[in-house]
1. Would you tally the net charge around S69, using a Cβ to Cβ cut-off of less than 14 Å, leaving S69 out, and scoring K and R as +1, D and E as -1?
2. For the range 117-220, list log₁₀ I(q)/I(0) at each q in 0.09, 0.18, 0.22 Å⁻¹, using the Debye formula over Cα point scatterers of equal strength and ignoring solvent, two decimals each.
3. For the range 19-103, what Kirkwood radius comes out of the mean inverse Cα-Cα distance, in Å?
4. How do I305, I62 stack up against each other in accessible area, from largest to smallest, with a 1.4 angstrom probe?
5. For Cα extents along the principal axes in Å, the listed values are [x] 89, 43, 37; [y] 58, 53, 46; [z] 66, 57, 45; which was obtained by calculation from the structure presented?
6. Count charges around R205 for me, please; just the other residues with Cβ under 13 Å from its Cβ, Lys/Arg as +1, Asp/Glu as -1.
7. Return a whole-number percent for the relative contact order of the range 77-177, with Cα pairs under 8 Å and 6 or more residues apart as the contact set.
8. Can you tell me the order of 255-263, 358-366, 174-182 when each peptide is scored by its average per-residue count of other Cβ atoms within 10 angstrom, highest first?
Amino acid sequence: MHDIDADTSAHDADTSAHATPTPHSPLAGFTVGVTAARRADELGTLLTRRGATVLHAPALRIVQLADDSELLTATKELIDHAPDVVIATTAIGFRGWVEAADGWGCGEALIRCLRGVELLARGPKVKGAVRAAGLTEDWSPSSESMAEVLDRLLGEGVAGRRVALQLHGEPLPGFVEALRAGGAEVVLVPVYRWLPPEDLTPVDRLLDAAVGRGLDALTFTSAPAAASLLARAEERGMTAELLAALRHDVLVACVGPVTALPLQSLGVDTVQPERFRLGPLVQVLCRELPGRARALPIGGRRVEIRGHAVLVDDELRPVPPAGMALLRALARRPGWVVARAELLRALPGAGRDEHAVESAMARLRAALGEPKLIQTVVKRGYRLAIDPATGSKYTGTETDTDTDADTDAE
């Protein structure tokens with residue numbers, strides 16, 4: 001039930017020569033968090049080629065195989081007492097297991113052991129790894145699904161049989177419990193165990209960005225990564241804040257349903273690709289994030305409000321966080337006057353001085369490059385200069401509007 005095969009083919013990787021982001025790049029102006037430990041560079045490249053700003057913080061670290069005493073113990077146990085069935089779940093995990101056994105001086109003994117058992121391979125990439133080791137699988141599911149593997153085993157009957165399951169970082173409790181309930185003895189082979197990162201600073205930075213709405217999307221490629229991030233949020237006493245952000249403002253993208261379980265169990269909705277690969281995961285973000293952006297006709301221009309930037313017609317304009325906070329507050333009620341006091345509350349850490357609104361508004365107008373997109377309504381506040389043809393509600397009259405001044409003449 002692993003959601004992502006660590007050996008995604010080159011077909012899923014973006015090898016396009018058009019790698020320079022443009023305003024037309026689907027993810028231009030959006031910030032995406034990456035929690036992956038393995039293949040984070042590949043995922044980051046796929047995202048940046050589509051225009052995204054990437055914030056990476058591995059939520060886990062991988063125990064090196066050569067140092068993994070648990071894997072060595074399990075390997076020796078299988079060599080000494082051969083199982084009836086071995087299930088290979090991932091190509092990189094199976095190859096790593098054989099390579100680690102070679103390093104420990106028991107590689108040939110492991111291969112001899114595997115030659116004499118019923119060997120099941122979860123999918124075509126795993127079959128390739130099995131055959132590269134000089135072995136032949138007895139069966140592989142067409143669906144690449146562990147559920148189909150389980151159905152086959154239970155259909156054959158597992159009572160009294162010894163089944164070895166090559167794990168790849170993620171436990172498979174439902175799978176293991178079903179085998180044991182059927183009477184099987186299950187031996188777990190823990191390839192690539194995952195532990196919390198030694199340096200928690202990047203994870204804390206990612207959590208702060210999510211809670212502060214500095215992220216537009218957060219990606220997960222394994223259930224343990226999701227569980228680890230949630231555990232760190234709990235340690236810091238920010239679980240409620242994080243869940244509020246993930247439920248309402250930060251899009252959560254998971255590579256598959258198993259990865260999504262720790263989040264969905266807490267009421268966090270997720271988006272997932274149909275194929276559990278990195279390429280389709282990025283394609284989901286390319287579809288979902290632009291669809292969440294607000295586009296408005298303002299001052300004769302098409303203004304699309306993205307995560308940390310604004311598209312003015314076809315020109316991407318980066319906007320400081322305070323400016324984005326003001327713009328979003330104005331866009332919630334297009335054409336309506338929003339009071340300074342309300343805008344002040346929208347500013348991150350602005351305090352009580354309404355002059356902070358004026359300063360942030362000046363920087364916002366400069367970033368947009370079009371000062372008249374936002375109108376100053378004397379002694380009242382600000383509003384977006386929504387085009388009248390849209391039928392949007394206006395307050396006040398044109399005579400009380402100073403489109404050039406940034407402050408009221410009080």
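The values are calculated or read from the model by the stated rules, or taken from the named source; none is laboratory data. Everything quoted here is computed from the prediction, not taken from an experiment. Methodologically, a virtual Cβ is constructed for each residue, glycine included, from the backbone with ideal geometry; neighbour enumeration extends over all protein chains shown. For accessibility, only protein heavy atoms count, side chains too; no ligands or nucleic acids. Shrake-Rupley method; radii C 1.70, N 1.55, O 1.52, S 1.80 Å.
1. Net charge around S69: -2.
2. -0.38, -0.91, -1.19
3. Across the range 19-103, the inverse of the average 1/r is 16.0 Å.
4. I62, I305
5. [x]
6. -1
7. Computed value for the range 77-177: 36 percent relative contact order.
8. Answer by packing, highest mean first, reads 255-263, 358-366, 174-182.
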